[in-house]
1. Anything over 26 Å Cα to Cα? Flag those among Lys149/Lys418; Lys66/Lys456; Lys146/Lys312; Lys293/Lys336; Lys422/Lys487, in the order listed.
2. For region 54-165, what does the relative contact order come out to in percent, with C-alpha contacts under 8 Å and a separation of six or more?
3. Using the charge dipole of the chain (Lys, Arg: +1 at Cβ; Asp, Glu: -1 at Cβ; taken about the Cα centre), state which of Trp473, Leu270, Leu220 has its Cα farthest towards the positive end.
4. With every atom except the alpha carbons ignored, what do you get for Rg and Dmax of the chain, in angstroms?
5. When the Karplus curve 6.51 cos²θ - 1.76 cosθ + 1.60 is applied with θ = phi - 60°, which whole-Hz ³J(HN,Hα) does each residue of region 137-142 get, with x for Gly and Pro?
6. Sort the following peptides by mean Cβ neighbour count (other Cβ atoms within 10 Å, averaged over residues), highest first: 407-420, 312-325.
7. Can you give me the C-alpha center-to-center distance between region 55-106 and region 447-471, rounded to a whole angstrom?
8. Say each of Glu392 and Glu267 gets a label point 7 Å from the Cα, pointing the same way as Cα to Cβ; how far apart are those two points in nm?
Amino acid sequence: MKKDILQALQTVSPIQLEEHMLERPANSKLGDFALPCFPFAKVLRKSPALIAEEIAASINHPLIRKAEAVNGYVNLFMNREVIANSLLQSILQQSMAFGSSNEGNGGVVTIDLSSPNIAKPFSMGHLRSTVIGNSIALLLEKNGFKPVKINYIGDWGTQFGKLLTAYRKWGNEEDVRQAPIETLLKLYIRFHEEAEADPSLNAEGRAAFKALEDGDSDALALWNWFKTESLKEFQRIYELLGVTFDSYNGEAYYNDKMDPVVEELEEKGLLVESDGAMVVELGEGMPPSLIKKSDGATLYATRDLAAAIDRKKTYDFVKSLYVVGNEQSLHFTQLKQVLGKMGYDWANDIQHVPFGLILQGGKKMSTRKGKIVLLEKVLQEAIELAQKNIKEKNPTLANQAEVAEAVGVGAILFSDLKQHRKHDIEFNLEAMLQVEGETGPYVQYANARAHSILRKAGGLNSFDVNEVNDHEWETIKLLEQFPQVVKRASDDLDPSIIAKYAIDLAQAFNSFYGNVQVLADPANLPYRTALIKSFTIVLTESLRLLGMKAPEEM
Ligand code: ARG
């Protein structure tokens with residue numbers, strides 16, 4: 001709509017217009033669009049008021065009902081009925097496909113997301129990576145890209161030598177089976193404590209990792225078992241969140257793929273020795289990238305290098321994203337620079353998508369010593385609280401368990417995604433579950449209300465829009481913007497744009513719902529049913545893009 005209006009204005013404007021010049025007034029009494037004419041006064045040597053009057057007098061377009069010149073502005077009022085008619089028709093016809101585009105043209109975008117470390121708790125940081133990465137994948141898909149979600153499991157590194165050593169000394173099978181991650185974490189912590197008194201343990205740990213790297217079958221079997229048990233725990237979380245992956249190739253997968261990369265670095269003359277270790281030196285002010293330790297062990301950076309090259313070969317991506325916390329920024333800058341030095345022009349297509357911390361009472365939620373916040377417990381607690389709310393407010397509801405899960409999990413997702421990912425966010429379960437305010441349940445509840453009217457209204461019929469009142473118009477204007485909103489969120493890799501939009505849309509609908517007696521006005525019922533149905537389509541699709549469900553009753 002904005003583009004059409006801009007074109008119409010251009011035909012009568014004495015000056016070249018740009019999209020940003022056309023404003024949407026906050027107060028809709030001042031029109032749906034406004035063009036301030038002050039910037040043109042100097043060039044045209046006329047007063048803004050006169051310019052505005054001339055434009056207002058000559059503009060003529062079927063979508064514009066009225067143009068007014070007020071204090072140097074051209075205020076434009078849309079032909080609401082015409083717009084509503086064609087918009088609602090097209091939403092109902094396209095249904096969930098409304099707002100999709102083929103901009104990505106099928107280009108593959110790999111998304112490195114979630115990527116927890118085995119034998120360690122799934123942290124709040126991994127939660128953020130999972131939900132932000134998943135939403136970005138859904139947004140890209142909606143815009144015609146082909147996302148490939150890669151869960152780059154942290155299953156390799158010297159810490160596994162320590163863990164093997166600790167398990168052999170102090171561990172037992174039964175405990176690991178009972179509570180894998182808790183038990184393995186305790187063993188790992190104990191290793192560090194005992195190694196302080198007896199440093200020879202460290203050498204044992206290193207030897208155990210070496211055995212693992214060399215393919216020792218006992219070490220591999222144990223490590224594999226730790227991995228299977230850990231993944232089982234992670235899987236329960238992914239099921240609750242409704243997230244799936246296209247690949248679980250983690251760090252260990254690259255164990256035998258690093259030598260060729262190290263050789264390539266050497267051939268290209270990029271590898272230099274530094275204190276016995278091998279590094280790639282980078283530009284001014286950048287610490288070198290550590291490729292091989294003095295004992296020959298490879299590092300996190302080496303594995304990411306091998307993985308990046310492998311992803312390009314396997315998927316031929318147009319973009320390769322890494323949804324990983326702010327604190328790893330340096331690592332990804334180095335990765336990109338090393339790839340650039342190796343002569344890969346696609347290094348430019350690598351992008352770190354960083355995010356902030358989750359705080360509780362202003363402090364980082366910690367997974368260290370005793371203070372483990374087990375994410376699965378947090379999710380369960382959210383579901384239980386949602387369940388309790390349902391029992392109080394809607395005790396006869398069917399599928400209570402299903403709805404409680406959609407609301408409880410949705411509340412956590414929404415409170416994360418509604419803020420820009422770079423911000424630190426405060427974790428407060430009770431606040432997230434409020435039905436008032438900018439929460440997941442608030443948005444879901446607006447949708448459920450709409451479905452309840454639709455059930456009573458008895459189905460869609462052909463409709464004519466005779467008159468659009470102010471409450472309806474606010475909702476219609478927002479529905480009309482959905483395709484642009486989706487595009488912006490996908491371009492900026494920013495799910496918060498969708499979350500904020502969902503809040504605005506739910507608020508507009510609630511004000512319509514509170515002010516218009518839909519069922520008591522049979523003449524307008526077909527049109528309003530179409531409007532409400534369109535609202536549920538777009539809201540449900542918005543929530544889907546955030547990875548959330550939209551129950552029809554709650
Ligand atoms: N496993 C790492 C961690 O928990 C995150 C891995 C991120 N992805 C990557 N390709 N480095 O910190």
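1. Lys66/Lys456
2. After rounding, I find 23 percent.
3. Comparing the listed Cα positions along the dipole, Trp473 ranks first.
4. Taking only Cα atoms of the chain, I get Rg and Dmax of 28.5, 89 Å.
5. Result, ordered by residue: 4, 5, 5, 5, 4, 4 Hz.
6. Going from most to least packed, we get 407-420, 312-325.
7. 21
8. 6.7
Quick note: the coordinates plus some simple rules give every number you see, no bench work behind them. Every value quoted in this text rests on a predicted model; they were computed, and no experiment measured them. Glycine gets a Cβ as well: all are built from the backbone with ideal geometry, and neighbour counts include every protein chain shown.
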